[in-house]
Each structure stands twice: as C-alpha cells, then as structure tokens.
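Below: the structure, in structure tokens.
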Amino acid sequence: MKKKVFGLFLILILASSQLSLAQRPIPKTTRPVTNTNQNPNQNREIQEGEEQELEGRRTLLDDSTKMVYGPNTSLHFFEKDIKRNRLQVFPQDTALNNFHNYDPVAKSGWKYQDLGNIGSAATPIFYQIPEVIGTRSGYSAYDLYYRAPENRKYFDTKSPFTNMSAFFGGGNRNMLDIEFARNINPRWNVGLEFHTIRSKKTLNPVARDDNMVEQNSYSFHTNYRSENGRYWFLGNFSRMRHVVNEIGGIIPPEIDSTSLYFTYEDAKVWLRYTQARDLRQDYHFYHEYKVKDGLQLYHVFDRKNQDLIFETDMTTSDTLYYPIDGLSARDTAQNKNFFSEWKNEVGFKGTFGGFYYNAYAKFRSGKMRNPRFDSDQTFNEFFVGGELIGKISEKWTVSADGEYLLPGAFRMHGLFSSPWVDAEYTKALYKPTSMQQEYQGYFLNWSNQFDNIGVDQIKGTLKFDFKKMLIRPSLTLNRINNYVYFDESRKATQALGEAFMLQPGLIANFQIGKKFRWDNEFIFTEVTGDGADAFRIPSLYANSKIYFDSPLFDENVYVQIGLDIRYHSDYNANAYFTATQQYYLQNDFNVYAYPVADFFLDFRINRTRVLFKYNHLNSGLMREPGYFVTQGYTGYKSFIDLGITWYLFD
C-alpha cells in the first residue's frame, strides 16, 4: 500500500511537469516587494502585463536564446508577510551554512532535548512562551517534526519547480523531502510536499528495518490573486502520521548488572512492544480583499485534528517499565486522546501615515475526547487583538501587538529594532494545556483546576558589526509564576512560587584571513525563586564552529569544511515517560557535561548541494565512553551521514 501511494505521488509530479501552462514573471530581487493588493500602481503595471511579461521573460534568455530557469525564478513567500502588507519573495536556498545539520534537532542549534534519534520525542531546552494563550492539547513531543500550515511556503514560479532532498544518516536514520510547485496561470500557483522519516533504533535493534520512528507527511497548497489585484487567497491541507516504537531507554546497571550504557546496538532496553502514534490533519486558509487604498479585510480559517494513541503489550516484559499500581488484567494497555479545534479570525488592516495597523476578532472552539472521560472536555474562546508597526526608516522599526482572551488571558508584545540595538518586551497570561488539566490513562490520571500561567520577559541585544567580526551580546530576563510542569511522580503540578530566570548570551563570529570562519554562541542561565526547581536548564550552553569557506576549482565548486562542537554543563535533564508522552522532573540522573565534535564537509556544484558528516568525531578520546541526551538515552556514537539536495526548474 505504501509503495502504491508513493508511486501515485511520483506519477502526479511527472504528469504535472509536462503541462504547458503560463508562468508569471517574478522580481529577481529578494528585497521586500510591495503587496500588489495595497499598491494600485504596481497592480496596474502587472495587469497591463504584456510588455512587462515579455520584458520579464527576456531576462531569462542566455546568449544562445535558450530559456534559463534557476533559484531566482522560482520564488516563495509566507502568509505572515502578506498579512502585514510587507510581502517578501525569496529565491531557493543554495547556501551551505549549516547544511550538514539537516535533522530538526541539529537544525535548531541543538536547543532541543530528545531521545537520541531523528523523530524521537523532543522538548525545548530553554523556556518558551507559547504562541497560543488559549487551550492547547498539551501533546507537543512531536511538534518539532510537524510543518504547521500557517508557516508553509507559498510559491510563484516561472517554470515547474521540484526540490528533492535525501539524507542518509548512519545507522539507517533516513529522511526524504520532496517539494513541487508550478503556476497554472500568471496569478495562480499550486503545489505539494511529501516528507518521510525512517529512523532505525540506535539502541538494541533486532533487524535492519527495526525502526524507532516512521513518519509520512504531505500537504497540498495553493495561492491565487485576482486579475484586478484586490483579492488574494492562500490555502493548504496538511497531514502527518508519526509512529514511534518506544524503547523506554537503557535498563540501569543498578537494576540489571548485565546491562551496560554504551553498547548501543547491544544495549538492554526496557520496551519492545510499545508504540505511540500521533496523527495530525489541518485545513488552513487565509484570504484578504482590498476595500480601498490603505484598507483591507481578511479572514483566517483553521480546522485541526490531533489523534494520539499509545499501546503496550501487558503480557510481555514491557510491564517492568511501568508503575505497578496502574496494572490491571488487560492484555493491552491503551491511552487514547483526540483533540480538535475550529478557529475563525476576522479583521481589517492597512497602512496609514507610514504605519501598518491591524485589528481582529477571533473565535476558537474545540474539545478533548478520551474514552475514559465522563464527557468530552470542550472549550469556546473569544479573542480580540491588534498590531501596529511603524517603520521609522529602512533600518529603524517599532512594533506593538496584543491579544486578549475573554476572560482572563492575554498577551502583549513590543519590539524596537535599530542598527545597534534590539529591545523586546512580552507580558502574557496563558492557559494550562488540556492534558495538564484533565488526564485519564491506563497508568496515571488526574483532574486539576490550575490557575493561568503568567510571564514577563525582557530581551535586549546589542549589535557590533565590524569588517571581519560580528558581536551580539544579549540578555533575557524572565519572571514566571504559576508554572505548570510534570513532577517526579510524572503527574501535572503547578509551582507554588515565582521563578526568576537570568540569561546572558553572546554570539561572536569571526572572519580569519580570507577563507576561514569561526562562529560561536554561548548562553548562561541562572534560575532562582520558589518556583526555580520546575526548570531544568544547563547553566552553560555553547556551540562553536570553525571552518574553511571558499570556492574552489575556478569557482565551480563551493566548499565548507570544518568542525562543529557543542557543549552543555552538567544538569539533571528531564526524563521522558512514554505513556503520557511528556518530559518530567528527575533528580537522580546527571546528563553530564561532554563536548561533542562533528566533522563536516558541505559543497555545492551548480545547484546541487552535498553533505558529508562524521558524527561524534571525539568518541574514544574522552574520559567518558560517550554522552547522554536524556536519562537512559545515549547520544550518537561515531557514524557517517550523507545527504544531497537538488533543484529542477523545468
């Protein structure tokens, strides 16, 4: 069945690429382009179109009068920029910087804690204010691997565009990404995406295809602009099925004397017959209509489903991992939770006197279903909000936005940006998640009436740019009260006091000579106050990369080659419980300090990028035989990753 679906997918791509359809000329610059819905003169030029169309196509002809397409003719943009009347179009990314960090945790700068494999449950190392102040499901362990529809790329192409990326990680940790887009006519584009993850277990696999993670996700997207330029529509459908065959971590040697931590494929693990599934489906569209100069009406619609199923075979040794008090006579333990929501946002926006303004009303309704609930946990939420952005000059901006949930929750945010300093302030009061308030499972259950969580956050960054040096000292201050977390008993609980978080940081990048670079990032964290114990963050986090960066062979090949080093200080990182899919506090296991060095070679020939990465280069050279990422889960051993990304433009 999977092969048939994949085959059909490829057939659709090939068939679509043969269509002879009109393509829209696109500006060749990556500078912000004015939204034609807001600029009648520009709209008229596009409509008058024939001369501009011909001129746009002449720029694509080489000396032999052959049509030439490339990264600058297949551009993409984002919904958020259209909504803010500052449309920017971007060419396809052919940059090499950090190309070797292809998996989502590495791509984040290693600022997520996971279970030592691509696609495993992940949580941010540093505190983050949630974007949604209303009710959320609370099941976010696989958010990092989900491409949210509101963040999707939309395309405007002169020719059929295909992006194919294949990453072959050591130990059969593989990813495949395919994107396709083309214009149906000069104002209408359609496209699709397909993504897979197949990650073999790094601990105790019993066969070549004994995967820890299997993900299939796809989306369809379209954008359309009316002939008179007054109406714009963006829409997409997304689906992800993420399946994890849990291992529960390595059995501690103090429980089983024959169990060792750094044997990897020969490790003894807790679980063999336990599986978690996260299925998500989203319908999303945005559209706007220009009433007159400086005024547009818009509407955003979302329909989201998240189905979560956990199963374990209670007739096997997997039962040794779980709390004894929760066991019953059933052969299979199941936890099922189904979260759904509808959202409609209606507002008006525009520009006046150099300022962008926006005001809206938003209604969300949804529910959490669980077979063990007496009744569904439903919610209805009404929000009002707005935004104001002023561009003082090309490099000076101020902005303010806010949202109020009736009653009792809100978010206010302000930002000042200049060539020398950025300053940001956020004050929010947001709801605990649905899962934190009410949970009924096979092993654990609770019913809470937690108060809303409050936060004040101040961020400041100084900017020092020199010819061969970039320095960015920063400071983040957080005051968090009523924080909800999962305690040592794995249950949701609320902190009784406030936590104060001080985070100075530094980004320092240097050009060494003409062909070498040295990039660094450091974050120091100190948490104090009565609620401090709810946060487990290393006091020092550091990333450093030193590399050769230069074209070679008469500039036919662009190369980056060097070392990527990451480090954090000792800390009792949160543990992970498979049945609830949540990270929780633990006090007995030190995820100790250990520098990890990766060697990488990234190069580009024409439009094709290739990566070679040797993970954990310093394995066997340290006092410790390896490192941990979470209690019971070791980090990568030494192995080689390979990857390739290439573009097709016709």
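The values are calculated or read from the model by the stated rules, or taken from the named source; none is laboratory data. No experiment lies behind these values; they were computed from the predicted model shown. Every residue, glycine as well, gets a Cβ built from its backbone with ideal geometry; the counts of neighbours run over all protein chains shown. Surface accessibility is based on the protein's heavy atoms, side chains included, excluding ligands, DNA and RNA. Shrake-Rupley method; radii C 1.70, N 1.55, O 1.52, S 1.80 Å.
At a glance:
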{"read-out": "Straight-distance crosslink candidates among lysines, where the alpha carbon sits under 17 Å from LYS200 and sequence neighbours closer than 8 are dropped", "value": "LYS268, LYS637"}
{"read-out": "Computed E for VAL398/VAL68 - FRET, C-beta separation, R0 35 angstrom, nearest 0.05", "value": "0.25"}
{"read-out": "Nitroxide proxy distance, nm - points 7 Å out along Cα→Cβ at LEU406 and GLU624", "value": "5.3 nm"}
{"read-out": "Length released on extending from ASP456 to SER317, taking residue separation times 0.36 nm less the Cα-Cα span", "value": "45.4 nm"}
{"read-out": "Net length gained if the chain between LEU388 and LEU496 were fully extended (0.36 nm per residue, minus Cα distance)", "value": "35.3 nm"}
{"read-out": "Using a Förster distance of 51 Å, the FRET efficiency for PHE233-GLU254 (Cβ separation, nearest 0.05)", "value": "0.25"}
{"read-out": "Qualifying GluC sites (Glu not before Pro) in the stretch 482-521, DSSP loop, other Cβ atoms within 10 Å at most 14", "value": "GLU488"}
{"read-out": "Debye, to nearest 20: dipole size of the stretch 337-486, +1 on Lys, Arg Cβ, -1 on Asp, Glu Cβ", "value": "520 debye"}
{"read-out": "Theoretical ellipticity at 222 nm over the chain - DSSP helices of four or more residues, -39500 (n - 2.57) apiece, nearest 500", "value": "-2000 deg cm²/dmol"}
{"read-out": "Solvent accessible area, Å² - PHE77, 1.4 Å probe, full protein context", "value": "10 Å²"}
{"read-out": "Part-to-part distance (alpha-carbon centres) for the stretch 343-418 and the stretch 70-106, which is given in Å", "value": "25 Å"}
{"read-out": "Calculated P(r) of the chain - Cα pairs past 37 Å, %", "value": "42 percent"}
{"read-out": "Potential extension, LYS111-ASN572 segment - 0.36 nm per residue separation minus Cα distance", "value": "164.4 nm"}
{"read-out": "Heavy-atom accessible area ranking, 1.4 Å probe, most first, across LYS515, LYS201, LYS304", "value": "LYS515, LYS304, LYS201"}
{"read-out": "Cα centroid of the stretch 610-648 to Cα centroid of the stretch 211-236, whole Å", "value": "34 Å"}
{"read-out": "Cα gyration tensor shape for the stretch 65-190, rounded if a/c is under 1.5, else prolate or oblate", "value": "oblate"}
{"read-out": "Using alpha carbons only: equivalent-ellipsoid semi-axes of the stretch 170-261, gyration tensor based, whole Å", "value": "47, 13, 8"}
{"read-out": "Point-to-point label distance, ALA148-ARG607, nm (Cα→Cβ direction, 7 Å offset)", "value": "3.1 nm"}
{"read-out": "Gyration tensor (alpha-carbon) shape descriptor, the stretch 118-192, a/c threshold 1.5", "value": "oblate"}
{"read-out": "Label-point separation, PHE352 to LYS463 (7 Å along Cα→Cβ), nm", "value": "2.9 nm"}
{"read-out": "Accessible-area order (highest first, 1.4 angstrom probe) of the listed residues ARG84, ARG277", "value": "ARG84, ARG277"}
{"read-out": "Distance between the stretch 488-517 and the stretch 518-584 - C-alpha centres, whole angstrom", "value": "9 Å"}
{"read-out": "Modelled FRET efficiency - R0 60 Å, ARG472 with PHE363, Cβ distances, 0.05 increments", "value": "0.90"}
{"read-out": "Among the listed pairs LYS83/LYS292; LYS111/LYS545; LYS292/LYS431, those beyond 27 Å (Cα-Cα)", "value": "LYS292/LYS431"}
{"read-out": "Percentage relative contact order, the stretch 511-650, counting C-alpha pairs under 8 Å, at least six apart", "value": "18 percent"}
{"read-out": "Of SER259, HIS284, GLY119, farthest towards positive along the dipole that unit charges on Lys, Arg, Asp, Glu beta carbons give the chain", "value": "HIS284"}
{"read-out": "Sulfur and carbon atoms: percent of accessible area, the chain [1.4 Å]", "value": "56 percent"}
{"read-out": "Simple Cβ-charge dipole of the chain, Lys/Arg +1 and Asp/Glu -1, about Cα centre, in debye nearest 20", "value": "1460 debye"}
{"read-out": "Protection proxy ranking of 123-136, 311-324 - average other beta-carbon atoms within 10 Å, highest first", "value": "123-136, 311-324"}
{"read-out": "Given charges at Cβ of Lys, Arg, Asp, Glu: the stretch 523-566 dipole, positive-most of GLY562, GLY529, TYR547", "value": "GLY529"}
{"read-out": "Cα pair distances exceeding 15 angstrom across the stretch 546-631, given as percent", "value": "69 percent"}
{"read-out": "Residue order for LYS468, LYS107, LYS431 - accessible surface, 1.4 angstrom probe, largest first", "value": "LYS107, LYS468, LYS431"}
{"read-out": "Whole-Hz couplings from phi, Karplus 6.51/-1.76/1.60, listed for the stretch 501-506; x for Gly and Pro", "value": "10, 10, 9, x, x, 8"}
